[in-house]
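Below is one structure, written out as C-alpha cells, with a few remarks after it.
The values are calculated or read from the model by the stated rules, or taken from the named source; none is laboratory data. The model shown is predicted, which means the values in this text are computed figures rather than measured ones. No Cβ is skipped: glycine too gets one built from the backbone with ideal geometry, and neighbour counts run over all protein chains shown. Remember, those area values only see protein heavy atoms, side chains included, never the ligands or the DNA or RNA. Shrake-Rupley method; radii C 1.70, N 1.55, O 1.52, S 1.80 Å.
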Amino acid sequence: LAIEAKYQALCGRLDEARAERMPKDRKPYAHQVQAWEAAAKGHSVLVSSGTGSGKTECFMIPILNDILQERGPAGGIRAIIVYPLNALIQSQRDRLSAWAEGLGGAVTYALYSGDTAEKSTGAVAAIGELLDRKSIRTKPPSILVTNITMLEYMLLRAEDQSILQKSQGLLRWIVLDEAHSYVGAQASEMAMLLRRVRSAFGVSPEDVRLMATSATIEDDTG
C-alpha cells in the first residue's frame, strides 16, 4: 500500500495517456514492485527477468515519479539510460513520447546517438522531446537515452560541455540495459566510465541510483 501511494499521482497521469497507456488498476509483476520499493528507499537495483516481462517499467516508473515530484530548476539531466545498440534506443521513442505527453511536458527527453541531427531539420517533435544536438546543449532534457560511445564523447567534446555545466548536481539515475554484456575488461571500463560520468556531473556515488536490467543473467550461487 505504501508503494502504491508513492506512485499514485504518476499512475493516474499514465492511465490517461492516449498511447502506451498504463491502466492504474493493472497488477504489476512481483519483480516490478520489488524494484520500485528498492528504488524508493534509495537503493541501486539489478533486475533479471525474461524478455517482455516489463523490465523497462522497473526503472522508468521510479525515474518519472522522481522527476514529476521534483521542485528543482528547469533543464538539466536527471537520468541517463544507456543502451548497447541504437536500435534499442529508437525502440523507446514511442513509449517516452506517449508518457511525456501524458505528463503534460513535465518530463523532457532526448535520444542521443550518432544519428541525432546537429541542428533542427524542421521535423515535428513530440511533446517533451528534443530532436537535435543544439537543443540538447541549450536546455538539457530530464532524461537522456544514449549509448556508451556517445556518453564517452559527451564527456570529452568541447561542444557538449554546456550539457554538463547545466546539469551540475542534478544527475540522480543511471540505467544500464543488457547488463550481462559488461563482463571482464568491458565491465572494468564501464565502472571507470560511470566514475567519470558522476565526476563530470558533479555528483557523488551516493547521490546516484544505478538500475541495471538483463534477460540472461543466471543465478549460479547454488
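Selection of first residues in the range 156-170 that are at positive phi and of second residues that are part of a helix (DSSP H, G or I), restricted to Cβ pairs under 9 Å at least 6 apart or on distinct chains, gives the following pairs, ordered by first then second residue: Gly169/Asp207.
Listed by first and then second residue, the pairs linking a residue in the range 95-106 that is touching a residue at least 12 places away in the same chain (Cβ under 8 Å) and of a type in the set (Phe, Trp, Tyr) to a residue that is open to solvent by less than 30 Å² (accessible area, probe 1.4 Å) and part of a helix (DSSP H, G or I), with Cβ atoms under 8 Å apart and 6 or more places separating them unless they lie on different chains, are Trp99/Leu14; Trp99/Met60; Trp99/Leu64.
Quick check on my filter: what residues within the range 27-58 are without any contact (Cβ under 8 Å) to a residue 24 or more places away in the chain and either among the hydroxyl-bearing types (Ser, Thr, Tyr) or within 15 Å of Lys6 (Cα to Cα) (or both)?
Gln34, Ala38, Lys41
In the set (1) within 24 Å of Arg18 (Cβ to Cβ); (2) surrounded by 16 or more Cβ atoms within 10 Å (Cβ to Cβ), the condition left unmet by Gly104 is number (2).
When Asp66, Asp115, Asp94 are screened for being modelled with pLDDT under 90 and among the acidic types (Asp, Glu), only Asp94 passes. The lone criterion from (1) open to solvent by 60 Å² or more (accessible area, probe 1.4 Å); (2) out of contact with any Leu (no Cβ under 9 Å at 6 or more places or on another chain); (3) modelled with pLDDT of 80 or more left unmet by Gly54 is number (1). Among all residues of the range 177-190, there is at least one that is more than 18 Å from the chain's Cα centre (by Cα), more than 25 Å from Ile61 (Cα to Cα) and of a type in the set (Asp, Glu). Restricting the first member to the range 59-76 and to residues that are on the phi > 0 side of the Ramachandran plot, and the second to residues that are at pLDDT 85 or above, the beta-carbon pairs closer than 7 Å and six or more apart or on different chains are Gly75/Lys139; Gly75/Pro140; Gly75/Lys166; Gly76/Pro140; Gly76/Lys166; Gly76/Ser167; Gly76/Leu170. As for the range 14-24, it holds at least one residue that is in contact with a helix residue (DSSP H, G or I) (Cβ under 9 Å, 6 or more places away or on another chain) and in a helix (DSSP H, G or I).
Pick from the range 110-160 the residues that are among the hydrophobic types (A, V, I, L, M, F, W, C) and in a loop (DSSP other than H, G, I, E, B): which of them is surrounded by the fewest Cβ atoms within 10 Å (Cβ to Cβ)? Show your work before the answer.
The initial filter retains those residues of the range 110-160 that are among the hydrophobic types (A, V, I, L, M, F, W, C), namely 110-111, 117, 123-127, 130-131, 136, 143-145, 148, 150-151, 154-156, 158.
The next check asks that each one be in a loop (DSSP other than H, G, I, E, B); those that pass are 123-127, 131.
Details: Ala123: 9, Val124: 6, Ala125: 13, Ala126: 15, Ile127: 16, Leu131: 19.
So, considering only residues that are among the hydrophobic types (A, V, I, L, M, F, W, C) and in a loop (DSSP other than H, G, I, E, B), the one surrounded by the fewest Cβ atoms within 10 Å (Cβ to Cβ) is Val124.
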